[in-house]
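Take a look at the structure below.
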Amino acid sequence: MIASDSSKWEQAARRAKELRREIIEHRKRYYVDDDPTISDAEYDLLETELRRIEERYPDLASLDSPTRRVGGEVAEGFDSFRHPTPMLSLDNAYGAEDLLAWHQRLVRTLDQKEPALMVEPKIDGVSIAVHYRDGILERALTRGDGETGEVVTANARTIRSLPLRLLEAVPYIEARGEVFLPRAEFEALNRERARADEPLYANPRNAAAGQIRRLDPRITASRKLDCFFWDLGVFEGTRPSTHRAALAYLRELGLKTNKLNRLCNSVDEVLEAWEDLRERRASLGYEIDGLVVKIDDYALRQFAGATSRAPRWAVALKYPAQQATTRVRRIVVQVGRTGKLTPVAELDPVLLAGTNVSRATLHNEDEVRRRDVRVGDVVLIEKAGEIIPQVVAVLTSERGDDSPPFQMPERCPECRSAAVREEGEVARYCSGAACPAQLRERILHFASRSGMDIQGLGEALVEQLTAAGLVRDIADLYSLTAEKLTELERMGEKSATKLLAQIDDSRPRLLRRLLSALGIRHVGERAARVLAERFGSLDRLSRAGVDELEAVPEIGPKTARAVRLFFDQPVNRRLLDRLVAAGVKPIDEQEPTASPAPHSHFAGKTVVLTGAIPGRAREETKELIQSLGGRVASNVSRRTDLVVAGADPGSKLDRARELGLVVVDAEEFERLVAEARAGRPA
Ligand code: IVH
């Protein structure tokens, strides 16, 4: 008996040690690297298991156990600052039963009937504490390890909804809240990263964590982080007596609080709110992972108290993770435009977070090996944010004996060229210069909306064009003719003419679009814009040295080298020459701050366009104005600085005249453009 008890203890001790090591590792990946490798649910399981062992064998609960920690770790590269009071965590409840248990304990402790409870959406972001002195933003801190946070004031200043000055000059106030990335912004960010061949963020929370902790705030500024406040911290003044009043006060000061917060008088009401919000969750515009339920009355909170980790007066009522199980039918390997091979699991279709899912990315061969995903396996998949579902675990107990491990092919599945994995790379790349899959992806990328925006050029058509040998590279698009096109199946004369017109329209495009469309490694939409603004013309950019490129803000050494390499390759030079010969005409740009001002009539102006400018597509005219520092508005108002009236202007012109605004015709417009470009009167 004794022997078996001690061996159980030994077993538990071993397991606890193992769990601690794993937990510490995953916490670092999550908090410091912003690159978790397991889902939150999987992480919670590890922590719960460790906590259970420590409850059962209290002598195993060492003081440095990760279960005693409050938050993450403080990363290097930031100053740190001690929180005036620790930023605690929350205990989780996973449904009605857990919530009732929490509530009963609370009612017992308080010796009270039912305390009023504030119920708030639990924003899936990163917590932040902001300190204001005399109403001015003094610092912003991440949670860090709960005791000490990282000073991220410069980044926080870029959050538009965060006031730099409060509406009242309160001597000293701390507010705590959640910084998050709205879903639309998250998707845009990942699209950009995918194009620049950078790893995707798994979900909006990781993206927000990554953005708020960028060392270069200029990058944060480009992203629209947002923030909701959920707590009044230290406050020099008379403290309100309820949380509800405190939130109202924060709002009065100009700090944003969530409009969906509501007061509930019973657990039933809380559960109703939980259901209510579950239905609205998908349409919220930001991610939530449950509700936070808190006692409203501060005096009662005091009474309920807290452990060193979490308050007893609050609980997080979480929604089940967006996960489902299904079976892997096949593992296919896709070839991207850079030749990168990506293994993808084709699944038995399953409903997940409202959509039918039949594919999940497996990222790369290391990832497949790590998870050991095999054909026929039952897998747990998760929709992290709105992006492609991921396989989070394999239910190996369901696996038959005869399933072989997946082998990444050593040849490109499309062109059979060697698929090579370079040292230090996680991916294999197809080495075939003429790989049809790469070609198709390159053309699709070239024609995409953020590239040259050739609308009629979809997947099916690109497949036809390349298979028929009509398009062997992107420059061939511009030598297509109606005769050639009508030879294709399902291509009538009308569609051919339309496509040709769309291709033709794409000849004049802003330099940034062409750069992004070319698919230069590491050059996504953002880098393309920065480069276009800095160098102005294709010619100047193509002559820039690595040092010169690297000196451009936001352009790192990898991108600088990739750009240089691109222009150094004779094939690429030939391709550019052919594009230019085919009439592709990148519109030169100017640095927005580098003095288009003296002679740009557009700099800082609000411009309205009406009617057509001969020889320019509408979109092009708009982009041109923007590149010269102007803002294009769609309607005429008193705030309009300039109206450009081309051929057949609409009623906007009448309205402009009524308001006595400055109106220029197409000819005058071209003169102003030439002037702005030359930086002097034309
Ligand atoms: S109250 C004592 N309210 O959830 C801790 N937290 O899992 C008080 N969170 O660290 C937290 N929305 O970062 C609170 N409306 C909300 C919240 C919220 C999101 C986060 C917060 C906290 C984490 C705990």
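Which ones in the stretch 394-413 are over 15 Å from Arg330 (Cα atoms) and surrounded by 19 or more Cβ atoms within 10 Å (Cβ to Cβ)? Across the stretch 394-413, the qualifying residue is only Cys412.
Name the single residue that is surrounded by the most Cβ atoms within 10 Å (Cβ to Cβ) among those in the stretch 103-132 being over 25 Å from Asn265 (Cα atoms) and away from the ligand (no atom under 16 Å from the Cβ). Looking at residues that are over 25 Å from Asn265 (Cα atoms) and away from the ligand (no atom under 16 Å from the Cβ), I get Tyr132. For Val368, the criteria (1) more than 16 Å from the ligand (Cβ to nearest atom); (2) more than 30 Å from Gly519 (Cα to Cα) hold in every case but one, which is (2). Only one of the numbered conditions (1) free of Cβ contacts under 8 Å to residues at least 60 places away in the same chain; (2) assigned to a helix (DSSP H, G or I); (3) surrounded by 18 or more Cβ atoms within 10 Å (Cβ to Cβ); (4) aliphatic (A, V, I, L, M) is violated by Ala188, and that is (3). Considering only the stretch 251-284, state which residues are within 22 Å of Ala129 (Cα to Cα) and aliphatic (A, V, I, L, M). Across the stretch 251-284, the qualifying residues are Leu253, Leu255, Leu260. For the stretch 243-264, filtering for residues that are under 18 Å from Leu291 (Cβ atoms) and surrounded by 15 or more Cβ atoms within 10 Å (Cβ to Cβ) leaves 9. Out of the residues in the stretch 246-264 meeting the condition of being outside any loop (DSSP other than H, G, I, E, B), farther than 13 Å from Glu174 by Cα and touching an Asp or Glu at 6+ places or on another chain (Cβ under 9 Å), tell me which one is farthest from the ligand (Cβ to nearest atom). Across the stretch 246-264, the extreme among qualifying residues is Glu252. Residues in the stretch 161-181 that are within 15 Å of the ligand (Cβ to nearest atom) and assigned to a loop (DSSP other than H, G, I, E, B): Leu181 only. When Ala360, Ala324, Ala345, Ala273 are screened for being more than 30 Å from Glu398 (Cα to Cα) and of a type in the set (A, V, I, L, M, F, W, C), only Ala273 passes. Of the listed requirements (1) within 15 Å of the ligand (Cβ to nearest atom); (2) under 30 Å from Pro405 (Cβ atoms), Lys340 misses just one: (1). In the stretch 102-123, the residues that are among the hydroxyl-bearing types (Ser, Thr, Tyr) form Cβ pairs under 6 Å with partners that are within 16 Å of the ligand (Cβ to nearest atom), at six or more places apart or across chains, as follows: Thr109/Ala304.
Note on the stretch 457-485: residues that are surrounded by 15 or more Cβ atoms within 10 Å (Cβ to Cβ), part of a helix (DSSP H, G or I) and among the charged types (D, E, K, R) total 2. Out of all the residues in the stretch 265-282, which are within 14 Å of the ligand (Cβ to nearest atom), within 13 Å of Met118 (Cα to Cα) and not β-branched (Val, Ile, Thr)? Once the filter is applied, which keeps residues that are within 14 Å of the ligand (Cβ to nearest atom), within 13 Å of Met118 (Cα to Cα) and not β-branched (Val, Ile, Thr), the stretch 265-282 yields Ala273, Trp274.
For the stretch 60-99, the candidate set comprises residues that are away from the ligand (no atom under 16 Å from the Cβ) and modelled with pLDDT of 75 or more; within that set, the residue that is surrounded by the most Cβ atoms within 10 Å (Cβ to Cβ) is Phe81. Does the stretch 266-283 include one or more residues that are touching a helix residue (DSSP H, G or I) at 6+ places or on another chain (Cβ under 7 Å), part of a loop (DSSP other than H, G, I, E, B) and touching a residue at least 12 places away in the same chain (Cβ under 8 Å)? No, the conditions are met nowhere in the stretch 266-283. Restricting attention to the stretch 658-680, the residues that are assigned to a helix (DSSP H, G or I), of a type outside the set (A, V, I, L, M, F, W, C) and touching a residue at least 12 places away in the same chain (Cβ under 8 Å) add up to 3.
Take the residues in the stretch 133-147 that are of a type in the set (D, E, K, R) and modelled with pLDDT of 90 or more; name whichever of them is farthest from the ligand (Cβ to nearest atom). By that ranking, first place goes to Asp134. Screening the stretch 305-372 for strands (runs of 3 or more DSSP E) wholly inside it with 3 or more residues that are closer than 28 Å to His103 by Cα and touching a residue at least 40 places away in the same chain (Cβ under 8 Å) returns the ranges 314-318. Could you tell me whether any residue of the stretch 569-587 is assigned to a helix (DSSP H, G or I), touching a Lys or Arg at 6+ places or on another chain (Cβ under 6 Å) and surrounded by 18 or more Cβ atoms within 10 Å (Cβ to Cβ)? No: the stretch 569-587 contains no residue that is assigned to a helix (DSSP H, G or I), touching a Lys or Arg at 6+ places or on another chain (Cβ under 6 Å) and surrounded by 18 or more Cβ atoms within 10 Å (Cβ to Cβ). Among the residues of the stretch 293-315, those that are crowded, with 21+ Cβ neighbours inside 10 Å and of a type in the set (A, V, I, L, M, F, W, C) comprise Val293, Ile295, Trp313, Ala314, Val315.
Here Val151 does not qualify as β-branched (Val, Ile, Thr) and within 15 Å of the ligand (Cβ to nearest atom). The residue that is modelled with the highest pLDDT, among those in the stretch 347-369 that are over 25 Å from the mean Cα position of the chain (by Cα) and not hydrophobic (A, V, I, L, M, F, W, C), is Asp348. Only one of the listed residues (Ile388, Ile454) is crowded, with 20+ Cβ neighbours inside 10 Å and part of a loop (DSSP other than H, G, I, E, B). That residue is Ile454.
The values are calculated or read from the model by the stated rules, or taken from the named source; none is laboratory data. Please read all numbers here as calculations on a predicted model, not as lab measurements. Glycine also receives a Cβ, built like all others from the backbone with ideal geometry; neighbour counts cover every protein chain displayed.
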